[in-house]
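Beneath this line is the structure, given in structure tokens, with notes to follow.
Derivation of every value follows stated rules applied to the coordinates shown; laboratory data play no part. Since we're looking at a predicted model, the values are computed, not measured. Counting neighbours? That spans all protein chains shown, and the Cβs are built from the backbone with ideal geometry, glycine included.
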Amino acid sequence: MNISKKIFFDSDITLDHILSKTVGIIGYGNQARAQANNLKDSGCRVVVGLKSKSPSREKVKKDGLEVLEIDEVFKQSDILSILIPDNNIPQLISEFNRFMNDGQTLLFSHGYSIVYENLKIPENINVIMVAPSGGGNIVRNEYKKGFGVPALVAVEKDYSGKAMNIALSYAKAIGSSRAAVFLSTFKEETETDLFGEQVILTGSIPLIIIESYKVLLEEGYSPIVSWFVCFYELKTIVDLMFEKGLSSFYNMISSTARYGGVTRGSKLIDGDFKDKIRSILYDIKSGKFKDELDSSLSKGDDGKLSLKEIFNSKDFDFIENELLKKIKKN
């Protein structure tokens, strides 16, 4: 596989396709705020679109950015970066698409609404994606350190013939190309992002931590030591994996840890487990998960109620909060 055509670094990209344009940011949550300020610090003209009564307007002004009504941002911007929750995007586009101009670029940081929703997007605009692989705080902090968070870029519609150049320039301006920018598609980004969240990042890892903690408590072990083993030591392992890579990681640990991990891990991650994660991927690809999510959100269930049952463990929250404070302070 020739990866050179699918990965871009800082030296491969120019800001020329964005510096002469006005970038409109819709929303001002963590991701929107980070991207807006990174763009500003990279020399871009940035305007932020918010409702007149939005409490975030003061944050925008404090950050030294211009805040306008949403319709004005749609009218004035060359690039419209839509950084609001996925479930709010269809209504936004439906309400404000009449203000869009010929040759504008509509930018998303997640492909969800393009893949799953029938958005009413005009034919005479570009549709692109720049998706940083990290939350807003990380995107901003890494930029300020002189580094960046990797991102996926994709083009859904290239009306101007310059859509990919604009996407790459935007990725550079938010700092992502300081790490790496990967070429993808809206469909691939959406399905793999959901899969990674559900199977690894917000699914198995947190639940394995808490269930392992519960087992140790049930077997009479100290809550503090159980928390340290199940939760805190995870960071040292992940840091080592990130630094050395998975293959080399196993050469950096003791023979006891390596043998125990491989043999006992195989008991947990067996054929049934693989079938289960494949079924999760099928639910994502078929739209079944999207339908389930829509139904749950309409009833006011965003998953927080289930968390109360899962994290109903003796002392876990107290230990986590107190020990993390003390460890970070030292």
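General observations
- Residue-by-residue Karplus 3J(HN,Hα) for region 179-191, coefficients 6.51, -1.76, 1.60, Hz, glycine and proline x: 9, 5, 10, 10, 6, 8, 10, 4, 5, 5, 4, 5, 5
- Taking GluC sites (Glu not before Pro) across region 188-249, the ones in a DSSP loop with at most 15 further Cβ atoms lying within 10 angstrom of their Cβ are GLU219.
- Rounded to the nearest 10 degrees, the angle from helix 316-329 to the longest Cα principal axis of the chain is 70 degrees.
- Under 5 Å, built H, 5+ apart or other chain: amide partners of GLU156: VAL127, ILE128, MET129
- Calculated from backbone phi, Karplus (6.51, -1.76, 1.60) coupling profile of region 236-244 in Hz, x at Gly/Pro: 5, 5, 5, 4, 5, 4, 5, 6, 9
- Think of region 189-329 as having a plus end and a minus end, set by charges on the Cβ of Lys, Arg, Asp and Glu; of ASN251, PRO223, SER286, ASN251 sits farthest toward the positive end of this dipole.
- Cα gyration tensor category, rounded, prolate or oblate, for region 3-184 with a/c compared to 1.5: oblate
- Placing +1 on the Cβ of every Lys and Arg and -1 on the Cβ of every Asp and Glu, with no other charges, gives the chain a dipole of roughly 840 debye about its Cα centre.
- Cα shape, region 193-269, gyration tensor, a/c 1.5 rule: oblate
- Of all DSSP beta bridges confined to the chain, the antiparallel ones make up roughly 25%.
- Which labelled figure in (1) 1.03; (2) 1.19; (3) 1.00 is Rg/Rh (Cα atoms, Kirkwood Rh), once derived from the coordinates: (3)
- Whole-number Å³ per residue for the convex hull built on Cα positions in region 189-329: 166 Å³
- Of the residues THR202, THR263, THR22, the one with the fewest other Cβ atoms within 10 Å heads the list, and the complete ranking is THR263, THR202, THR22.
- Considering helices alone, the calculated mean residue ellipticity of the chain at 222 nm is -15000 deg cm²/dmol, with DSSP H runs of length four and up weighted by -39500 (n - 2.57) and normalised per residue.
- Counting other Cβ atoms within 10 Å as a rough exposure proxy, the listed residues VAL155, VAL238, VAL130 run VAL238, VAL155, VAL130 from fewest neighbours to most.
- When the charge dipole of region 3-184 is built from unit charges on Cβ atoms (+1 for Lys and Arg, -1 for Asp and Glu) and taken about the Cα centre, the candidate among ASN137, LEU83, ASN97 whose Cα reaches farthest toward its positive end is ASN137.
- Rounded to the nearest Hz, the phi-derived 3J(HN,Hα) couplings of region 265-279 under the Karplus curve 6.51 cos²θ - 1.76 cosθ + 1.60 (θ = phi - 60°) are x, 5, 6, 7, 9, 9, x, 5, 5, 4, 4, 5, 6, 5, 5, where x marks glycine and proline.
- Unit charges at the beta carbon, dipole of the chain: most positive-side option, LEU194, GLY260, ILE174: ILE174
- Region 29-56 and region 139-156 have Cα centres lying 15 Å from one another.
- Taking every DSSP bridge with both residues inside region 3-184, close to 25 percent are antiparallel.
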